[in-house]
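Novice: Take this structure, written in structure tokens, and hold onto it; I'll ask about it next.
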Amino acid sequence: MGFMALQKCPIANCHLLGWQLEASFHETMEENEHPYTLINVIGGTNGVYEDHVEFLEKHFKLITMKEFTENKQDLSHKIKAIFMWFHKPVVDRDLLQSLPNLKVIANCGVGVDHLDLKLISSFGVKVANTPFAVSNPTADLGMALMLASARRIVEGHQIAVSPDTKCFMADWLGEEINGATLGIIGMGTIGYKVAQRARAFEMNILYHNRNRRNEADEQAVGAVYCPKLEDLLQGSDFVILSVNLSPQTQKLIGRKELELMKPTATLINISRGQVVDQDALVNALKNGVIKAAALDVTYPEPLPRDHALLHLKNVIITPHLGSATSKARHLMMRNMVESILAGVSGLPVPNEVHV
Amino acid sequence: MQDSKLPLLLIHEVGGTRGVLEAHVPFLKKHFQLITMKEFLESKEYYCAQVQAIYSWWHKPVIDRELLKSLPNLKVISSAGVGTDHLDLKLISGFGVRIANTPHAVHSTTADIGMALLLAAARRLVEGCQIAVSPDTGYFSNNWLGEEVTGATLGIIGMGSIGYKIAQRARAFEMKILYHNRNRRKEDEEQAVGACYCGAIEDLLQQSDFVMLVVNLTPRTYKLIGKKELQLMKPTASLINISRGQVVDQDMLVEALQTGVIKSAAMDVTYPEPLPRDHPLLKLKNVIITPHVGIKTHKTTFMITEDAVSNVLAALNGLPMPSEVFPD
């Protein structure tokens, strides 16, 4: 920025007195208040939600990938942020190289296992996620899956509506939730909220975490720490996975872990498909090593249509619904907007993910 | 050979659709000589004076005047579960026979089913499962959404023991709880679950995102939820029924669901059970129905039998029964 004589800035509507500033400063100020933000697409099955666009356009100049590709020369240096909605647009080295002024990538959801954080950081770009917006609906869904599996809601509905049903069998029974033991693997924000909910169902709670929680937190939900995963697995009627996906948690639950579980136990996964060795899970379910599984996440999503998991009676699968409520998606969007506005202004970024 | 000194307990049958669970038979035989309706009818003269108690499981055996007349020494009918709307309490009482249900065994487990259905309805779980396994599914849409349960408003109609346990569970989801009941609960009970009393059911209906029916079936609660009540509900609201099918005007419910008067419904009970196979409720996408599984867990069904046995033994010994039921 350059300064000349002390006088009022001649640009119309500019409130800055005192210093005449180069046009580029003014342009930059405008861009920071209404930053050029790259998105994949609006609408359709996987684009940015149409009913979010009004709010987004208040804060950003939205540039779709199509517009960017058609007008790279003009736009590439203008784009300061990427609004990554369900992993799109894909951020790779090529894209990072073509956006010299990119400051921040806001990712919807809490998982960042699909991002090469080191690579992005090497370009001086910050990454933000939305951990808090997803925590309630994800904990809710964990409970929904556990209850649905134990009480056989999906099977029950099929019987209730089947054209072949003539009467309801008396000996058709499910598993008790109240008084049962829930083992929570991963007691972060989401895991803790699961514990709070499960406690109200009179469940006994065991948990395993990288770090033990403080005593007050444990007592508030009646949770007992298991430093050894084996103890949790052997003692639980329901095991719920609420860890993030990292090299340490990849295939955390494999054949050995499944065999440690009770044969009457149910595995619930609201983390990532890769936390479980899927082939070992199929075997365990087929052979009664564990009783049942309820999965909101698989690898890949969706599973191939001939995958064994889709055909087992003792499995329920939901199509990655952890944060799938209008309220949560709206809050995620708002969080991302905040992160982007802070990032382009050089302010501390809320929900920044550090490498 | 069973110990012939044990009192005779009449049951409908063992196993099958309506029979006492096979797993419970050893326990029952510790205390009673078991006789099925089939055995009874085949040798009526031999057994009729010996039957002292009946264990009613899923409304069988049917207790009518004819049966009561043929059992001169019947002292007690122990009915599994909490509902007694299938029994003519006045008629039975008129024969000097005492009646018991098993309310305590069922509270927590029925509350669990209420919450299971609420969560399944809110998050569109059954539909979601169908998408996840359907051969036609090529990808998951990110625009396929449900309703948030945390922080939503739950209106509980019927705040007895089961309703209260539902409130306790819902509170952990940070739900705002409204309730309507014949009688208002004590202040400390309300505060413990953060429940707000609605003297007028209309207020509850208008403010709730989820309406849960937890009343017993009586002439007062028959068709409690009809066209007017459904129209008072929010168009984004879900109705959850774990009471009895007859508490809801089913035809009006169908209409409300078809026309978007309410968003969805989840019910463990219908009238009749099962519904006729061509009933419109079976075909609506925004309906979840479970086959009356409220108390159907291994643990609870066994607790029910244990409680039923306690009631019968108390009656046969001329003692107060733990859960005696009297006609209104």
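Novice: If region A:128-253 were replaced by its equivalent ellipsoid, with semi-axes equal to the square roots of 5 times the Cα gyration tensor eigenvalues, what would those be, largest first, whole Å?
Specialist: 31, 17, 14
Novice: Sticking with this one: Find the Rg to Rh ratio for region B:121-229, where Rh is the Kirkwood radius over alpha-carbon pairs and Rg uses the same atoms.
Specialist: My calculation puts Rg/Rh at 1.09.
Novice: Here's another thing I want to ask about it. Using per-residue counts of other Cβ atoms within 10 Å, averaged over each peptide, order B:177-187, A:129-139 from highest down.
Specialist: Ranking the peptides B:177-187, A:129-139 by packing returns A:129-139, B:177-187.
Novice: Something else now. Give the residue from A:Val297, B:Leu284, A:Asn287 lying farthest towards the positive end of the charge dipole for the protein assembly as shown; charges sit on Cβ (+1 for Lys and Arg, -1 for Asp and Glu) and the dipole is referred to the Cα centre.
Specialist: A:Asn287
Novice: Note down the Stokes-Einstein diffusion coefficient of region B:155-219 in µm²/s, whole number, using a Kirkwood radius over alpha carbon pairs, 4 °C, and 1.567 mPa s.
Specialist: D, rounded to a whole number, is 112 µm²/s.
Novice: How would you rank A:251-263, A:174-186, B:51-63, B:133-145, highest first, on the average number of other Cβ atoms within 10 Å across their residues?
Specialist: With the highest mean Cβ count within 10 Å placed first, the list reads A:174-186, B:51-63, A:251-263, B:133-145.
Novice: Another one. Mind jotting down the three principal axis lengths of region B:40-90 based on Cα atoms? Whole angstrom, largest first.
Specialist: Here the Cα extents, ordered largest to smallest, are 32, 20, 16 Å.
Novice: Considering every residue in A:291-300, what mean count of other chain Cβ atoms within 10 Å of its Cβ is obtained?
Specialist: Working: counts 0, 0, 0, 2, 1, 3, 0, 1, 0, 0.
Partner-chain Cβ atoms within 10 Å, mean over residues of A:291-300: 1.
Novice: Can you give me the three principal axis dimensions of region B:21-135 from its C-alpha atoms, in Å, biggest first?
Specialist: Its Cα atoms span 60, 30, 26 Å along the three principal axes.
Novice: Take the Cα gyration tensor of region A:274-355, multiply each eigenvalue by 5, square-root it, and list the three semi-axes largest first, rounded to whole angstrom.
Specialist: 38, 14, 10
Novice: Let me ask something additional. Rg (Å, one decimal) plus Dmax (Å, integer) for the alpha carbons of region A:157-197?
Specialist: 17.2, 47
Novice: Please identify the trypsin sites (Lys or Arg not before Pro) of region A:125-176 that satisfy two criteria: DSSP loop assignment and at most 10 other Cβ atoms within 10 Å. Which are they?
Specialist: Of the trypsin sites (Lys or Arg not before Pro), the ones in loops of region A:125-176 whose Cβ has at most 10 other Cβ atoms within 10 Å are A:Lys166.
Novice: How large is ³J(HN,Hα), in whole Hz, for each residue of region A:110-118 in order, when computed from phi with the Karplus curve 6.51 cos²θ - 1.76 cosθ + 1.60 and θ = phi - 60°, using x for Gly and Pro?
Specialist: Ordered by residue, 3J(HN,Hα) equals 9, x, 10, 5, 8, 9, 8, 4, 4 Hz.
Novice: Continuing with this model, one more query. Write down the accessible area per residue of the protein assembly as shown in Å², having rolled a 1.4 Å probe over the full set of protein chains.
Specialist: Per residue, the protein assembly as shown has 44 Å² of solvent-accessible surface.
Novice: A follow-up question, please. Once Rh for region A:137-178 is found with the Kirkwood sum over Cα pairs, what is the Stokes-Einstein diffusion coefficient at 10 °C and 1.306 mPa s, in µm²/s?
Specialist: Result for D is 137 µm²/s.
Novice: Using DSSP, restrict attention to beta bridges with both residues in chain A and report what percent are antiparallel, rounded to the nearest 5. Display every interim value, and only then the final one.
Specialist: Values: 5 of 44 bridges.
So the antiparallel bridges amount to about 10 percent of the total.
Novice: Normalised by the number of residues in chain B, what is the relative contact order in percent for Cα pairs under 8 Å and 6+ residues apart?
Specialist: Details: 571 pairs, mean separation 54.4, N = 328.
So the answer I get is 17 percent.
Novice: Counting only C-alpha contacts under 8 Å and six or more residues apart, can you give the relative contact order of chain A as a whole percent?
Specialist: Dividing the mean separation by the residue count of chain A yields 16 percent.
Novice: Kindly write out, for region A:251-256 in residue order, the coupling ³J(HN,Hα) from the Karplus curve 6.51 cos²θ - 1.76 cosθ + 1.60 (θ = phi - 60°), rounded to whole Hz, with x marking Gly and Pro.
Specialist: 6, 4, 9, x, 4, 4
Novice: Moving on. Residues of region B:152-186 with accessible area at least 10 Å² lower in the all-protein-chain context than alone (1.4 Å probe)?
Specialist: The answer is B:Lys165, B:Gln168, B:Arg169, B:Ala172, B:Phe173, B:Glu174.
Novice: Determine Rg/Rh for chain B; Rg is computed over alpha-carbon atoms and Rh is the Kirkwood hydrodynamic estimate from the same atoms.
Specialist: 1.02
Novice: While we're on this one: Taking a quarter of the surface of the convex hull around the Cα atoms of chain A, what do you get in nm²?
Specialist: Mean projected area of the Cα convex hull: 23.2 nm².
Novice: If region B:214-266 were replaced by its equivalent ellipsoid, with semi-axes equal to the square roots of 5 times the Cα gyration tensor eigenvalues, what would those be, largest first, whole Å?
Specialist: 19, 11, 9
Novice: Tabulate in residue order the Karplus-calculated ³J(HN,Hα) for region B:14-31, using 6.51 cos²θ - 1.76 cosθ + 1.60 with θ = phi - 60°, rounded to whole Hz; enter x for Gly and Pro.
Specialist: Listing the rounded values in order: 9, x, x, 6, 10, x, 4, 5, 4, 4, 8, 4, x, 5, 4, 6, 5, 10 Hz.
Novice: Starting from the 7 Å offset along Cα-to-Cβ, what nm value, one decimal, do you get for the label separation of B:Asn286 and A:Lys58?
Specialist: Using points 7 Å along Cα→Cβ, the separation is 2.9 nm.
Novice: Too long at a 19 Å Cα-Cα cut-off: which of B:Lys5/B:Lys75; A:Lys193/B:Lys186; A:Lys166/B:Lys263?
Specialist: Result: A:Lys193/B:Lys186; A:Lys166/B:Lys263 exceed 19 Å.
Novice: Which whole number gives the average count of other chain Cβ atoms within 10 Å of the Cβ atoms across peptide A:191-201?
Specialist: Partner Cβ neighbours, averaged per residue: 4.
Novice: Calculate the FRET efficiency for B:Glu273 and B:Lys30 from the Cβ-Cβ distance with a Förster distance of 45 Å, rounded to the nearest 0.05.
Specialist: Calculated transfer efficiency: 0.90.
Novice: Next question, about the same structure. Relative to 2.2 N^0.38 Å, what does the C-alpha radius of gyration of region A:213-355 come to as a ratio? Two decimals please.
Specialist: Numbers: Rg = 18.4 Å, N = 143, 2.2 N^0.38 = 14.5 Å.
After normalising by residue count via 2.2 N^0.38 Å, the value is 1.27.
Novice: A further question on this structure: Counting each DSSP H run of 4 or more residues in the protein assembly as shown as -39500 (n - 2.57), what helix-only mean residue ellipticity at 222 nm follows after dividing by all residues, to the nearest 500 deg cm²/dmol?
Specialist: -10500 deg cm²/dmol
Novice: Still on this structure, please answer the following. Work out how far the C-alpha atoms of the protein assembly as shown reach from end to end along every principal axis, then list the three figures in whole Å, largest first.
Specialist: 117, 56, 50
Novice: Determine which aspartates and glutamates satisfy two conditions relative to B:Lys30: a Cα distance under 15 Å, and not lying fewer than 8 residues away in the same chain.
Specialist: Partners within reach: B:Asp3, B:Glu22, B:Glu306, B:Asp307.
Novice: Another question, then. How much of B:Lys285 can a 1.4 Å solvent probe reach, expressed as accessible area in Å² and rounded to 10?
Specialist: It works out to around 150 Å².
Novice: Expressed as a fraction of 2.2 N^0.38 Å, the rule-of-thumb size for a compact globular protein of N residues, what is the C-alpha radius of gyration of region B:181-292? Write down the numbers at each step before the final one.
Specialist: On the way: Rg = 14.4 Å, N = 112, 2.2 N^0.38 = 13.2 Å.
My calculation over the Cα atoms of region B:181-292 gives 1.09.
Novice: Please give me, ordered by residue number, the GluC sites (Glu not before Pro) of region B:231-328 that lie in loop per DSSP and have at most 13 other Cβ atoms within 10 Å. Can you show the working numbers first?
Specialist: Numbers: sites: B:Glu255, B:Glu306, B:Glu324; in loops: none.
In loop regions of region B:231-328 (DSSP not H, G, I, E or B), there are no sparsely surrounded GluC sites (Glu not before Pro).
Novice: Next question. What total accessible area, in Å², is buried where chains B and A meet, using a 1.4 Å probe and rounding to the nearest 100?
Specialist: Counting both chains, the buried surface is close to 5600 Å².
Novice: Then there is this: If Lys and Arg each add +1 and Asp and Glu each add -1, what is the summed charge of the other residues whose beta carbon sits under 14 Å from the beta carbon of A:Asp92?
Specialist: Its environment carries a net charge of +1.
Novice: When the dipole is taken about the Cα centre of the protein assembly as shown, and only Lys, Arg (+1) and Asp, Glu (-1) are charged at their Cβ, what size is it in debye, to the nearest 20? All intermediate terms of the calculation are to be shown ahead of the outcome.
Specialist: Working: 68 positive and 72 negative charges, 157 e Å.
Rounded to the nearest 20 debye, it is 760 debye.
Novice: Hey, any idea what Rg/Rh is for region A:36-163, computing Rh the Kirkwood way over Cα pairs?
Specialist: Rg/Rh: 1.14.
Novice: Just tell me how shielded B:295-306 is by partners: mean number of partner chain Cβ atoms within 10 Å of each residue's Cβ, no decimals.
Specialist: Rounded to a whole number, the mean comes out at 4.
Novice: So if R0 is 30 Å, what FRET efficiency would B:His298 and A:Glu259 give, r being the distance between their Cβ atoms, rounded to the nearest 0.05?
Specialist: Numbers: r = 23 Å, r/R0 = 0.78.
After rounding to 0.05, the efficiency reads 0.80.
The values are calculated or read from the model by the stated rules, or taken from the named source; none is laboratory data. Not measured: the values here are computed from a predicted model. Quick reminder, even Gly has a Cβ in these numbers, built from the backbone with ideal geometry, and neighbours come from all protein chains shown. Accessible surface is based on the protein model in full, side chains and every heavy atom, while ligands, DNA and RNA are left aside. Shrake-Rupley method; radii C 1.70, N 1.55, O 1.52, S 1.80 Å.
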